Amino acid sequence: MDFYEDEVVNYATGIRAPPLGDALYHIFLFWHRNDREFSDQLIERLQCARNAFKCCSQYDIYKSDGDMTLCQSILSGVKYCSKALLIASWDSLELWRECEEAINEELDIGRKFVVLQLNPQLDLPTSLSECNVVSIKDDDWWMKLLDSLAPVVHLSSTSPSLAGVNPGK
């Protein structure tokens, strides 16, 4: 089954997650341990049968390799995922700033990262300015987040080459 057929099957079954392709995970979540309760609930919701995203966080990688720094585990996770989701809180942005230079050197942040902003008063670093930003204060934040992570493919298109295209970001 090719990518287009996988998209049709996912659409027909109602599963949100696209095929993995070369990635090990659909979503790599970057969050601070103080946001664990929210992040665990978010991961559970993303991985439910309806959405079927395969998720991983920097703490999963960090725990599996004791020789890795937290910044190295973040870089590793982002490289092996389709999208990276930064749960933006005061604490996680401080952690982001510690790793920002290494991440900027190796990755195209704007195309790969989605930012879920827990507090609308947070000033995001300029390195995140090209990312899709979803504010949890928006009434429809959940659907905006899903659309940022895996846009719905509209099967009414007559061109199979457009399946799975994510315009912009």
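The values are calculated or read from the model by the stated rules, or taken from the named source; none is laboratory data. These numbers were taken from a predicted model, which means no experiment stands behind them. Every residue, glycine among them, receives a Cβ derived from its backbone with ideal geometry; neighbour counts consider all protein chains shown.
For every residue, the table says whether it meets (1) in contact with a helix residue (DSSP H, G or I) (Cβ under 8 Å, 6 or more places away or on another chain); (2) of a type in the set (Gly, Ala, Ser); (3) closer than 18 Å to Asp35 by Cα.
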residue: Leu86; (1), (2), (3): yes, no, yes
residue: Asp91; (1), (2), (3): yes, no, yes
residue: Leu95; (1), (2), (3): yes, no, yes
residue: Asp108; (1), (2), (3): no, no, no
residue: Lys112; (1), (2), (3): yes, no, no
residue: Gln121; (1), (2), (3): no, no, yes
residue: Cys131; (1), (2), (3): yes, no, no
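As a summary of the residue check, Ile136 satisfies the conditions (1) at pLDDT 85 or above; (2) under 17 Å from His26 (Cβ atoms) except for the one numbered (2). Look at (1) modelled with pLDDT of 75 or more; (2) closer than 20 Å to Ala150 by Cα and you find that Asn34 fails only one, number (2).
Per the conditions (1) part of a helix (DSSP H, G or I); (2) under 17 Å from Ala150 (Cβ atoms); (3) at pLDDT 75 or above; (4) not aromatic (Phe, Trp, Tyr), the sole criterion not satisfied by Asp6 is (3).
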